[in-house]
Amino acid sequence: MMSDSMSNSKSDSMPAEHNPSNLRAEVDSLIAQGAFHLAARRLAELWRRDPASGTASFETSRLDKLRDKLALTKFKLAILRSFTVEPIVPLLRSEAFGYGIDLEVHVGDFNTYVQDMLDSQSSLYRFAPNAAVLAVRTDQVAPELWRDFADLAPEVAQQAAERVVRGYEQWIGAFRKHSQAALIVHSLERPSSPSLGVLDSQSEAGQSGLLRQINRELRRIAEGFHGVYSLDYDALVARHGSEHWHDERKWLTARLPIAAGYLLQMAREWMRFIVPLSGRTAKVLAVDLDNTLWGGVIGEDGMTGIKVGAEYPGAAFQALQRALLDLSRKGILLAVCSKNNLDDAMEALEKHPGMLVRARHFAALRINWTDKSQNLREIAQELNVGIDALAFLDDNPFEREQVRAALPEITVIDLPKNPLEYAAAVRNCAAFERLTLSSEDQQRTEMYAAQKQRAGAEQSFQSKEDFFRFLEQEAELEPVSDLTLARVAQLTQKTNQFNLTTRRYTEPQIEEMAKQPEWHIFSIRVRDRFGDHGLVGVAITHDVGEQCEVDTFLLSCRVIGRTVETALLAHLAESAAQRGRKRLEGWFLPTKKNAPARDFYEQHGFEWQLTNCEGSLWTLDLKSSTLRCPDWIKLKVTTETRPGGKN
């Protein structure tokens, strides 16, 4: 057998590529036939092949016909701006569609961002966005520092910088007071040609230095508010080159400072925030081996013949491996999905001196001659994640298209022909972005290694109860705090399988709920003899009269079925009874992914009350309930406190 990465032979058997005009006609034909999901696939393919303004206009018009037929994540974005952004919006919506997001965009009036943020009745707040972008040019918010710096005395320039910072602090504070949406704040761009030339770089009190100072203060302000993030616009412009990025004629005539060729780059930078905020991130990256992780074919070239190392051409593959390790440090699991001989591949992974990633870095390995779609299904099952949590990296376009056709939920990354660009393709994929990083994220690979040990140990016990006692599980249950707020919000946004209501919350929303005395937000952390699972569960309840309503109840897939869910539910019942409630009430709202939680209430003694188009309502009589924490779980409960400190 030949490796799947020998793309020359397999590419010959691939169907001819559709050109954009053919794809447009096919999309319209499929919509007319009612083949909406296939039309959506072709629409996504069209965007991959031709990501241009004309295509974006076509995409958004057809998306309006498809949105009610597809399972897209709805997301509302407001853009507050001091320059023209309207040409970017169709590009942004098309990019969002590629990630399964139906993006609705509100663009604030030109240069009214201050009024919009300060006025609680403005169109911004009436729109009720999930997130807002504050995109302001330096020459608009700090004109004297941009245009007149050479004429300013040092103390006057410093005062101008401080005034700008105070303004941002006031605007962001007002936004957070009026909205719980995420806020993405552009940093200020520095001039490519400072007023005083090379003299400017000799002092931090120079033009560039003061703008750097403002940007540092903007990051400080953002860190002081939950759900406020800094977009390094200055670095974005520098990355693409200031002279190329700007279009002075367009700025003067249409107040559009970004050259036409870079509007898509601006849209993609916004997507790096929108994707994680909408919960459409990938949890696992499955990678091919031959001509992807290393250059060459291990089965033919042997370990000494493959290319990976510090020198060209192996350096391209080593750069990709560095990118993979960086993903791993952000909590993204790595897996191998390769058609190859197992022994050959493992020898390269373990012994090749140029390899940066080793077998231990991968949470799952599928190295065989099975169809890759089947291997990806097995990887998802082994790691206990949904198919839509996977991303797939393969140099072979034939394999990529096969996976897209069989498993359209997977994020398939298109690799360029030049391996020197592989690392950038991975780093630029918005599905891998994270806006917060918990200790659980940083230790996820080690946690899954421990999970394999647990699974192996379970096979040696004849009863689940004996296995549970062997595990020596300890659960620590505590109210949400400043230290756990980000992780609690993250779990509501990412957990799909054992999630009774699948309600998504941001950090500001969780924080606001926690301030209300009738709301109670708990997290649960679990450890056992094999290691620490970390913070793996969240429960949110709401006292209403004589009953306590369960708003949110979720657990990470890592601990499903270990009776941790019973311990958490038992505490909710006990604490509600202590507060004088007579009933514990909860909805099960079914989704395509939360079937594992379907019978949870019934299995724990709840009585069915009603069923409607959204789900079913269940109630537990707290006086007669026998619900208790399992005796094989040592439960520690921390006294309830309320988060504070951040705004």
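The number of residues in the range 465-486 being touching a Lys or Arg at 6+ places or on another chain (Cβ under 9 Å) and closer than 23 Å to L572 by Cβ comes to 14. A single entry from F600, F530 fulfils the requirement of being within 28 Å of R469 (Cβ to Cβ), open to solvent by 10 Å² or more (accessible area, probe 1.4 Å) and among the aromatic types (F, W, Y): F530. Kindly establish whether E478 is open to solvent by 10 Å² or more (accessible area, probe 1.4 Å), of a type in the set (D, E), over 27 Å from F75 (Cβ atoms) and modelled with pLDDT under 95. When the stated conditions are applied, E478 passes them.
The single residue among L256, L264 that is under 17 Å from L103 (Cα atoms) and open to solvent by less than 50 Å² (accessible area, probe 1.4 Å) turns out to be L264. Pairs meeting the criteria (first residue in the range 36-48 and polar (S, T, N, Q), second residue open to solvent by less than 20 Å² (accessible area, probe 1.4 Å), beta carbons under 8 Å, at least 6 apart or on different chains) are lacking. With the requirement that a residue be crowded, with 22+ Cβ neighbours inside 10 Å and over 28 Å from the mean Cα position of the chain (by Cα), what does the range 544-562 give you? C548, the sole residue that qualifies. Cβ-Cβ distances below 9 Å connect the following pairs, each with a first residue in the range 375-401 that is more than 23 Å from G296 (Cβ to Cβ), a second residue that is in a helix (DSSP H, G or I) and among the polar types (S, T, N, Q), and a separation of six or more residues or different chains: L383/Q451; N384/Q451.
Search the range 563-582 for residues being among the basic types (K, R) and surrounded by fewer than 20 Cβ atoms within 10 Å (Cβ to Cβ), and hand back the single one that is farthest from the chain's Cα centre (by Cα).
Once the filter is applied, the top-ranked residue is K582.
Within the range 457-468, track down each residue that is open to solvent by less than 50 Å² (accessible area, probe 1.4 Å) and not aromatic (F, W, Y).
Of everything in the range 457-468, those that are open to solvent by less than 50 Å² (accessible area, probe 1.4 Å) and not aromatic (F, W, Y) turn out to be A457, S463.
Got at least one residue in the range 333-340 being in a helix (DSSP H, G or I), farther than 23 Å from Q490 by Cβ and under 22 Å from the mean Cα position of the chain (by Cα)? No, the range 333-340 contains no residue that is in a helix (DSSP H, G or I), farther than 23 Å from Q490 by Cβ and under 22 Å from the mean Cα position of the chain (by Cα). If you go through the range 128-149 and pick out every residue that is under 26 Å from D232 (Cβ atoms) and open to solvent by 30 Å² or more (accessible area, probe 1.4 Å), you end up with 8.
From the list L183, L196, L236, L210, which one is out of contact with any Ser or Thr (no Cβ under 8 Å at 6 or more places or on another chain), among the hydrophobic types (A, V, I, L, M, F, W, C) and modelled with pLDDT under 90?
Only one candidate passes the filter, namely L196.
Take E204 and decide whether it is part of a loop (DSSP other than H, G, I, E, B) and either farther than 15 Å from L231 by Cβ or among the charged types (D, E, K, R) (or both). When the stated conditions are applied, E204 passes them.
Have a look at L500, L471, L485 and point out the one that is open to solvent by less than 10 Å² (accessible area, probe 1.4 Å) and at pLDDT below 90.
Of L500, L471, L485, the one residue that is open to solvent by less than 10 Å² (accessible area, probe 1.4 Å) and at pLDDT below 90 is L471.
Considering only helices (runs of 4 or more DSSP H) fully contained in the range 225-316, which possess at least 3 residues that are in contact with a Gly (Cβ under 7 Å, 6 or more places away or on another chain) and closer than 29 Å to T411 by Cβ?
Numbers: elements: 233-240, 242-245, 248-254, 263-278, 298-301.
Passing ranges: none, list empty.
Going through (1) more than 21 Å from F600 (Cα to Cα); (2) modelled with pLDDT of 95 or more; (3) open to solvent by less than 10 Å² (accessible area, probe 1.4 Å) one by one, P508 falls short only on (2). Among the conditions (1) at pLDDT below 95; (2) crowded, with 20+ Cβ neighbours inside 10 Å; (3) not in a loop (DSSP other than H, G, I, E, B), S94 misses just one, which is (1).
The values are calculated or read from the model by the stated rules, or taken from the named source; none is laboratory data. From a predicted model like this one, the values you see are computed outputs, not experimental measurements. Glycine gets a Cβ as well: all are built from the backbone with ideal geometry, and neighbour counts include every protein chain shown. Heads up: the accessible areas ignore ligands, DNA and RNA and are worked out on the full protein's heavy atoms, side chains in. Shrake-Rupley method; radii C 1.70, N 1.55, O 1.52, S 1.80 Å.
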